[in-house]
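Engineer: This is the structure I have questions about; it appears just below.
The values are calculated or read from the model by the stated rules, or taken from the named source; none is laboratory data. The structure presented is a predicted model; accordingly, all values stated were derived computationally and were not measured. All Cβ positions, glycine included, derive from the backbone under ideal geometry; neighbour counts span all protein chains shown. Heads up: the accessible areas ignore ligands, DNA and RNA and are worked out on the full protein's heavy atoms, side chains in. Shrake-Rupley method; radii C 1.70, N 1.55, O 1.52, S 1.80 Å.
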Amino acid sequence: MAYRSLDDMDLAGKRVLVRVDLNVPMEDGRVTDTTRIERILPTIRDIAAANGKVILLAHFGRPKGERVASMSLKPVVRPLSELLGLAVDFAEDCIGAEAAAAVDKMVPGGILLLENTRYHKGEEKNDPDFAKALAANGDIYVNDAFSAAHRAHASTEGLAHLLPSCAGRTMQAELDALGAALAAPKRPVLAVVGGAKVSSKIDLLENLVAKVDMLVIGGGMANTFLAAKGTDVGKSLCEHDLADTARRIMEKAAREGCEIVLPADAVVAREFKAGAENETVALDAIPADAMILDVGAKSIETVKAKIDIAATLVWNGPLGAFEIAPFDAATVAAAAHAAARTREGKLLSVAGGGDTVAALNHARAAQDFSYVSTAGGAFLEWLEGKTLPGVAALEAEA
Ligand code: AMP
């Protein structure tokens, strides 16, 4: 992947438009989780330290081109300023006279946050005039929002074609981690894919079987594969209409030399609730009135053994209904094992997408993984092998 980083740019005195992800959880106008803000601090600090003028661009929520007061970025100013230990100014618009006046007042090393880009319809349409209006306030464009890179919007894609552009530190870390995991990985590569349904992950599975050496399938989606192979899965979550799709994926895996590992046993219960009475059964003994809520002890041992063989691990989705104990057991055990192998320097582990971050946090394993992506949709599209427009634009202009 060829793209420029902040180290390749002359930032001193320049107006640097930085696209960041500030789509933070908010309640009653207060930011309730600062994880995303923390992720962009290195980029802001580096640009400010190089005497660039940091002009932050971001979207918040889905105002669909209208000025919706509850979707203002203003509440982000204070936590951002506190975490940085630096003053942060705010402009009530991201284009036009208001934005221009605020930018004109900036001194080198200063930081300015512009209002929600999605207050304008041109943002999501990637309208060239809107992109030009954004570009009018900058000399350089930095994209630090990998999580928004699957969208070709004006501030995520259009700007890269109008100004000298580069990746910010978070984008760089994400691209390096993802590249190491799938573009040029150390083999053997193991993918662990779980979660509720096959239907939401067909493209992902098709892409992975062509790229990885081993694919562990767990969670509710494994039931569809087991049923396609003739297992009676009782009342389990199962997409019977996707039996052909499951078979096609297994055939493709066989052609590509990818070993598919399905559960060998199952933890079943009659109710989907924490502490529900449960038992571990073999696949040919799943009671007709029970549902599979986790993979069993034998399956866990197999997953651990595959992790021991692997040099690289890509993980998306829990192996069971991890939100309700004890059906979190397999996810926790496998995550802890991968974390330990990573700590020992024997595994490069990359995880992300939707519930995966929550599952790894629950297992207290996230901090030991090589990289955990907080980008939901963008991470999944990358796992699907799709080109991310925001990344492609940086590559094209490098
Ligand atoms: P996803 O967003 O596709 O990664 O799916 C995550 C969800 O799958 C979590 O809420 C889990 O509770 C759920 N899940 C995992 N395994 C099972 C299972 N065996 N039966 C029902 N739901 C499951």
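Engineer: Nearest 20 debye, what's the magnitude of the dipole of the chain about its Cα centre given +1 on Lys and Arg Cβ and -1 on Asp and Glu Cβ? Could you put the intermediate results ahead of the total?
Structural biologist: Values: 42 positive and 54 negative charges, 79 e Å.
Using Cβ point charges on Lys, Arg, Asp and Glu, the chain gives about 380 debye.
Engineer: Quick check of the Kirkwood formula: for the range 308-392, what is the inverse mean of 1/r over all pairs of different Cα atoms, in Å?
Structural biologist: 13.2
Engineer: Given a 1.4 Å probe and every protein chain left where it sits, what share in percent of the accessible area of the chain is carbon and sulfur?
Structural biologist: Working: 8020 of 16190 Å².
Looking at the chain in its full context, I get 50 percent from C and S.
Engineer: Residue-wise, which Karplus ³J(HN,Hα) couplings in Hz belong to the range 372-389, taking 6.51 cos²θ - 1.76 cosθ + 1.60, θ = phi - 60°, and x for glycine or proline?
Structural biologist: So the Karplus estimates, Gly and Pro as x, are 10, 8, 8, 7, x, x, 5, 5, 5, 5, 5, 5, 7, x, 7, 7, 8, x Hz.
Engineer: Further question on the same structure: Picking from LEU283, LEU348, SER299, whose Cα lies most toward the positive end of the charge dipole for the range 219-358 (charges on Cβ: Lys, Arg +1; Asp, Glu -1)?
Structural biologist: Toward the positive end, the furthest listed residue is LEU348.
Engineer: So what is the accessible area of the range 16-84 per residue, in Å², with the probe set to 1.4 Å? Could the numbers behind the result be given before it?
Structural biologist: Working: 3180 Å² over 69 residues.
About 46 Å² of surface per residue is accessible.
Engineer: Find the accessible area per residue for the range 185-364; the probe is 1.4 Å, ligands and nucleic acids are left out, and the unit is Å². Display every interim value, and only then the final one.
Structural biologist: Working: 7400 Å² over 180 residues.
Using a 1.4 Å probe on heavy atoms only, each residue of the range 185-364 averages 41 Å².
Engineer: May I pose another question? Give me the net charge for the shell around ILE307: Cβ to Cβ below 12 angstrom, other residues only, Lys and Arg +1, Asp and Glu -1.
Structural biologist: Numbers: positive: LYS304, LYS306, ARG341, LYS346; negative: GLU301, ASP308, GLU344.
Around ILE307, the surrounding residues sum to +1.
Engineer: Beta carbons within 10 angstrom, averaged per residue: use that to sort the peptides 92-98, 25-31, highest first. Don't jump to the answer; show the numbers that get you there.
Structural biologist: Working: 92-98: 17.7, 25-31: 11.9.
By packing density, highest mean first, the sequence is 92-98, 25-31.
Engineer: About the Cα centre of the range 185-364, how large is the charge dipole given +1 on each Lys and Arg Cβ and -1 on each Asp and Glu Cβ? Please answer in debye to the nearest 20. All intermediate terms of the calculation are to be shown ahead of the outcome.
Structural biologist: Numbers: 20 positive and 23 negative charges, 147 e Å.
Once rounded to the nearest 20, the dipole reads 700 debye.
Engineer: Right, here's the next one. Could you bin all the Cα-Cα distances of the range 1-69 into 10 Å bins starting at 0 and give me the percent of pairs in each, rounded to whole numbers?
Structural biologist: Per 10 Å bin, starting at zero, the Cα-Cα P(r) for the range 1-69 comes out as 17, 40, 29, 14, 0 percent.
Engineer: What translational diffusion coefficient, in µm²/s and rounded to a whole number, does the Stokes-Einstein relation yield for the range 193-258 at 37 °C and a viscosity of 0.692 mPa s, taking the hydrodynamic radius as the Kirkwood radius over Cα pairs?
Structural biologist: Working: Rh = 11.7 Å.
Using the Kirkwood radius from Cα pairs, D works out to 280 µm²/s.
Engineer: Can you count the Lys pairs in the range 185-364 with C-alpha separation below 20 Å, eight or more apart or on different chains?
Structural biologist: The number of close lysine pairs in the range 185-364 is 19.
Engineer: What angle, in degrees between 0 and 90 and rounded to the nearest 10, separates the Cα long axis of helix 219-228 from the longest principal axis of the Cα atoms of the chain?
Structural biologist: Here the helix axis deviates by roughly 50 degrees.
Engineer: Continuing with the same structure: Compute the Rg to Rh ratio over the chain from the alpha carbon atoms, using the Kirkwood formula for Rh, and round to two decimal places.
Structural biologist: Working: Rg = 23.1 Å, Rh = 22.4 Å.
So for the chain, dividing Rg by the Kirkwood Rh gives 1.03.
Engineer: Which peptide among 75-81, 60-66 comes first, and what is the full order, when sorted by highest mean count of other Cβ atoms within 10 Å?
Structural biologist: Working: 75-81: 19.1, 60-66: 14.9.
Listed from highest to lowest mean packing, they are 75-81, 60-66.
Engineer: Subtract the Cα-Cα distance of ALA184 and GLU27 from 0.36 nm times their separation in residues, and report this length gain in nm to one decimal. Don't jump to the answer; show the numbers that get you there.
Structural biologist: Numbers: separation 157, 0.36 × 157 = 56.52 nm, distance 4.18 nm.
Stretched fully, the ALA184-GLU27 segment lengthens by 52.3 nm.
Engineer: Taking the alpha-carbon set of the range 185-364, what are its Rg and Dmax in Å?
Structural biologist: Expressed in Å, the Cα Rg and Dmax of the range 185-364 come to 15.1, 45.
Engineer: Checking a compactness column here: for the range 243-325, what do you get for Rg(Cα) / (2.2 N^0.38 Å), N being the number of residues?
Structural biologist: Numbers: Rg = 14.8 Å, N = 83, 2.2 N^0.38 = 11.8 Å.
Taking the Cα Rg and dividing by 2.2 N^0.38 Å, one obtains 1.25.
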